[in-house]
1. Can you tell me the orientation of helix 313-326 relative to the chain, as the angle in degrees between its alpha-carbon axis and the longest Cα principal axis, to the nearest 10?
2. Report the residue, chosen from Phe285, Phe355, Phe18, that carries the largest GNM mean-square fluctuation when the chain is represented by alpha-carbon nodes joined by springs under 10 Å.
3. Tell me, how many Å apart are the Cα centres for the range 322-364 and for the range 1-63?
4. With a 10 Å cut-off between alpha carbons and a GNM built on the chain, which of Asp49, Asp284, Asp348 moves the most?
5. Going highest first, how would you order 119-125, 129-135 by mean Cβ packing within 10 Å?
6. Give the distance, in whole Å, between the Cα centre of the range 259-275 and the Cα centre of the range 163-205.
7. Where both partners of a DSSP beta bridge lie in the range 105-239, what percent of those bridges are antiparallel, to the nearest 5?
8. Over the residues of the range 5-111, compute the C-alpha Rg and express it relative to 2.2 N^0.38 Å.
Amino acid sequence: MNSLTVLHAADLHVGLRFLSHGEASQPLSAARFEVVDRVVEAASQASADILVLAGDLFDRTRIAKTDIERVCESLAGFSGACVLVLPGNHDYFSPESALWSDFCREAGEHVLLLAETGPYRLDDYGLPCDVWAAPCTSKTSSQHVLPTELPATRHPGRFQLGVAHGSLIGVSPDPKLQYYPMTREDLDATGVDIWLLGHTHVPWPEIPDPGIRVYNPGTPEPDGFDYTRSGGVFLHTLLLPEVDSSDESRPESRRAQLTSRFIATGQFRFEHHERTITGVPAEDFLSDIPDHTDAAKTCVRLRVHGRIDPDSRTRYHALRDELRARLLLLEVDESELHTRITADTIGDHFPSASFPAELLTRLSEDGDDEAMDQAFRLLEQVKGS
């Protein structure tokens, strides 16, 4: 066997509850289970030999047994040789945790929990492959847990995989270096064919490159407004080079050749939009939202600013509510949307011959809306004091 195909996923976060998302929380939570099925299906359709889940399969260490059973039923559908599951920093491994004991009890024989650094030899699954693992044992850590006893020389005819979960310095947002930080230099120095990472929910690299041997697929299903693209997984194909087994002079030439591609698996999308209103909102000023083709599976965070005519408020609210009805979730920031101060507004609040009315009228004629807004608020405060 000189080729190996690996479907690489991470950060599925089964059990994530989306408590701040209102009515959208139920479908978003259900999507964490559904994406397990899609990842397994993608791996089987690609004829992958191994399905790797590189950490945070679960969102926390306390998961209902029925949810664990459901995940294991999904993993049983993988048609390849084995599924490798690494504990991440959300579902970290500890001997006292019921999560992984329940998981191992329910999972089939083709599922292997990477609870130690290894190496794990996959010969029992019919694969000439050694796996080196870096499981998480707590929520945070300032030190990575990369194996320290990697082989000094390559073993001819065998693949070498590394699986780890943590931040990649220079790529992951981890300013305090508290999530098992790693560097590409540390990972490359181990000499394995490829490191399969998890933790960062955005895929890296954005464009697969055969010269890169460190990959992070991101989450296969978007899970918040920090992630505005489609979720997915990486499919890696490794090919062992034909070399003289007695020649140890060029260890790099003995690493497997690598090709990778990204496969989209996410169904939900999170989008950011911004709109400006000047006077009267156009009938179609929200019609191009969302970008995603399936509005019912799209969550939108909308920022609206500008100055709206008083008589147009009702129309704006109707257009906004029509958009909300199309979407799964709409969050609107209207903190910078002001009602335009008109002559009628001035007349309703101040006598026509008064100083406030004359001042505001003069500012209105000058077209200085910002100064007029500030003056109007101050005059209202003085009047009410």
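Every number here is computed from the coordinates shown, using simple stated rules; none is lab data. All figures in this text were calculated on a predicted structure; none of them were measured in a lab. Note that each Cβ is placed from the backbone with ideal geometry, even for glycine, and that neighbours are counted across all protein chains shown.
1. With both axes taken from Cα atoms, the answer is about 20 degrees.
2. Residue with maximal mean-square fluctuation among Phe285, Phe355, Phe18: Phe355.
3. 48 Å
4. Looking only at Asp49, Asp284, Asp348, the biggest GNM fluctuation is shown by Asp348.
5. Sorting 119-125, 129-135 by mean packing, highest first, produces 129-135, 119-125.
6. For the range 259-275 versus the range 163-205, the Cα centre distance is 21 Å.
7. Counting only bridges with both partners in the range 105-239, antiparallel ones make up about 15 percent.
8. 1.04
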